[in-house]
1. Restricting to Cα pairs below 8 Å that are 6+ residues apart, what does the relative contact order work out to for the chain? Please round to a whole percent.
2. Where nothing but the Cβ of Lys and Arg (+1) and of Asp and Glu (-1) is charged, how large is the charge dipole of the range 641-730 around its Cα centre, in debye to the nearest 20?
3. Please tell me the relative contact order of the range 433-514 in percent, rounded to the nearest whole number, where contacts are Cα pairs under 8 Å and at least six residues apart.
4. In whole Å, how far is the Cα centre of the range 67-92 from that of the range 36-54?
5. Quick check: the distance between the Cα centres of the range 164-206 and the range 372-440, to the nearest angstrom?
6. Okay, helix-only estimate at 222 nm for the chain: each DSSP H run of n ≥ 4 adds -39500 (n - 2.57), divide by all residues, round to 500 deg cm²/dmol; what do you get?
7. So if I place +1 on the C-beta of Lys and Arg and -1 on the C-beta of Asp and Glu, and nothing else carries charge, what would the dipole magnitude of the chain be about its Cα centre? I want it in debye, nearest 20.
8. In nanometres, what is the gap between the two model label sites at Arg261 and Glu667, each 7 Å from Cα along Cα-to-Cβ?
Amino acid sequence: MSRKKPSAIRRADPFYEREAARYDHPLPSREYIAQVLADEGRPVTFGELTGVLDIAATEQEMFQRRLGAMEREGQLLRNRKGAYILPERASLTPGKVQGHPDGYGFLIPDDGSADIFLDQHQMAKVLHGDRALVRLTGVDRKGRPEGGIVEVTERANTRVVGRVLVEHGLVFVVPENKRIAQDILVPPEKRARIRPQSGQVVMVDIIEQPSKFSKPIGRISEVLGNYADPGMEIEIALRKHDLPFEFSKAALDENRALPDRIRKADLAGREDLRGLPLVTIDGETARDFDDAVYCERKGRAWRLVVAIADVSHYVRPGMTLDAEAMERGNSIYFPRRVIPMLPEKLSNGICSLNPDVDRLAMVCDMQIGAGGVIGKYRFYPAVFRSQARLTYNQVWSWLSGEAQPETEVHAGLQPQLLNLYKLFKTLHGARGERGAIDFETSETRMVFNEQGKIESIVPVVRNDAHRIIEECMLAANVCASDFLAGHKQTCLYRIHEGPSAEKLKNLRTFLGEFGLALGGGDDPRAKDYAVLLEQVKKRPDFQLLQTVMLRSLKQALYSPDNVGHFGLAYEHYTHFTSPIRRYPDLLVHRAIKAVLAGGKYAPAGNWDDIGLHCSATERRADEATRDVENWLKCFFMRERIGEEFDGTISAVTAFGIFVALDTIYIEGLVHVSELGADYFQFDNIKHQMLGERTGQRFRLGDRVRVRLVRADLESNKIDFVLVAASQPRKTARARR
């Protein structure tokens, strides 16, 4: 145990108060350790460091662990004599290795400096995701900084999913993650429990990491099945992206202990809204219902009630369920399968706002003026009973007059639904006045056969019932962020920054080619984008212009630092409405409850770290679902090799053009070598490929006709070639 009164040396730590708040017996902070090493100006042994930092004998084991963690993250390095040095003093750069399918890679430095190119010889020592210390050796032929790996500080891969390949009696596993470009050798075992067959999909445990002289070596621990087995694409994606898909025994035990219905004790301190005709409106296939809505006229104004499932009542800090929900970050919606953030008993049971049963909710009760401006609002815990489970298409059929309600319950809900529709029009008008960007994007849905493979891909038509719920949720989210900001309660905001200076410059250059200009000077607002979108809406090249404008914007993130939401034109915005499937929403609920109780909420971890984690799990889910969809599309297209299709150029890269097909909503590549007998130059500002000799131009948004030549399940790639009749545009011949 450390001394009760820290010495002056320990008190000199600039981050002492932070460490003391986190730990009962605080050690010197990482920053202080690095500062001491820098001040010493020489390699320092462990014994010398414990003396300089006044580390007691009872603290040495924990201090050694802290130094080890700093080593793994590249903040420290030990020389051949075991003394500690700072990597930057040895001209070393710590960072994370990012592999490329072609065998080379990059070190992504921790300090945000330029990526360092690693050739195939260097990448033979590491796998994608490893952490390493790299020494700069010069620049490559493209002018990029190039380096050599000095030390691998942390290995990221212990288990890998891949396909078995048997060659000349040797067994290899080819990783599904193409950024891992090295095959894993599986040596023969006399008493092997598993005898793999070529082509099988397996999990392999890496028992020996790669080095300068040897490939990675592994042992097959699980056979998942054959590549084309139903559902295999999802099994691969779960393991490739390291997605948690099974709950631990401790979490399931906690889940079983939760009640199946509301108990009398649960009603304490809650307002009773069971007399209010709240309803849920969702898609036909939805199973977890987060939100219910109610709207009524109040003179010229409106009262909008948004009731959100009170997940925080059941999932408490410190529970294993909470820890695993945070690890997952969000639910993942694959075609035909959901990986929930919470077990089904919660997500589809006691927390789901099913009709005709009592449910607990956190309510945002708002007054909205005739101009669509939110006035007074309040948050409170409640109990209510959903009057009906409605669908978007059902509600729109009533509102549009295409159908009439068939039951007495549905007929009784019509006045409320009409109020919701009128309120939507008011809120949508206010959205336009505010200047929020309203991009017109198209979504698709896969229709499956009994074997679990795609039968067709159809467009999803968004109607005004979708938009009603969207506007109601936006209103509740804005109130939540305003409430927490007003009470100075830290939370995770949903932030969306404006375009970077470089992307803004490129966008203006591109628009200038069309005689168009984006307003706002060096600091445009969402309204400037909205005005330009409205201006070009009737043009034949609208999709091209909209796509380029959309790609100029940054990705939305979770962060405790409120910088506003550029796209929605909100000064503050957070996610409150989906705590069943998004962890940040659950944290917002806890923060609101803490404020209502007169206190403050602080999660177990650091707000910044939680924001980064939740942003990363969101991207991870997107990548995994995209992998699954691409595999299914490849499988669907295998039987259509040789067919011709009309399409639109959806992306332009240095290696070719991507074409989105009109009728089946699938995208594939026309490689640059298939564009014609010319040298084509890629222009990332004009989003085009231009032939040097012929002046042939392929630009984003151009129409082309293509023939399908390959649909490869192993790489998830679809390849087209141009049909001769498809003539690209020509520009004036380049000067020689």
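Nothing in this text is a laboratory measurement; each read-out follows from the coordinates by a stated rule. Here the structure is a predicted model, which is why all the values come from computation and not from measurement. Don't worry about glycine lacking a Cβ; one is built from the backbone with ideal geometry, like all the others, and counts go over all protein chains shown.
1. Here the relative contact order equals 8 percent.
2. Dipole magnitude for the range 641-730 comes out near 400 debye.
3. Values: 30 pairs, mean separation 11.5, N = 82.
With pairs under 8 Å counted, the relative contact order is 14 percent.
4. For the range 67-92 versus the range 36-54, the Cα centre distance is 12 Å.
5. Taking the Cα centre of the range 372-440 as reference, the centre of the range 164-206 is 55 Å away.
6. Calculated from helices alone, the mean residue ellipticity at 222 nm is -8500 deg cm²/dmol.
7. 780
8. If labels sit at Arg261 and Glu667, their model points lie 4.9 nm apart.
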